[in-house]
Amino acid sequence: MDQVRERIAGLLQDVVKEMTNGADGVQVSFVSGDRTTVYHINIPQEHRGKLIGAQGKNITSLRNILAAMAGSNGFRAIIELVV
């Protein structure tokens with residue numbers, strides 16, 4: 001199961017980098033519990049607006065995609081932006 005979480009973290013990092021025009025300093029880590037995994041996205045301050053999007057539409061869509069990938073593998077997933 002940890003392999004799946006690692007693959008999702010890598011995919012999430014690639015997507016976030018593409019959304020922010022290849023921003024340096026993007027890091028994705030995760031903490032897994034029994035049934036829920038929390039993905040922490042650490043991104044430079046100047047690129048957060050691109051990731052969040054207008055009225056939060058980009059981050060909401062990313063959270064929905066992550067939830068679908070995790071759900072098909074039998075666990076919940078949450079995205080948190082590291083401040």
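Out of the DSSP beta bridges found with both residues in the chain, what percent are antiparallel (nearest 5)?
Antiparallel bridges make up about 50 percent of those DSSP assigns within the chain.
Apply 1/(1 + (r/R0)^6) to the Cβ-Cβ distance of Gln45 and Asp2, taking R0 = 30 Å, and write down the FRET efficiency to the nearest 0.05.
Here the calculated transfer efficiency is 0.45.
What percent do you get for the relative contact order of the chain when only Cα pairs under 8 Å and 6+ apart count?
29 percent
With Cβ to Cβ distances under 14 Å as the rule, what net charge do the other residues near Glu18 carry (K, R +1; D, E -1)?
0
Every number in this text was worked out from the coordinates using simple rules, so none of it is lab data. The structure presented is a predicted model; accordingly, all values stated were derived computationally and were not measured. Every residue, glycine as well, gets a Cβ built from its backbone with ideal geometry; the counts of neighbours run over all protein chains shown.
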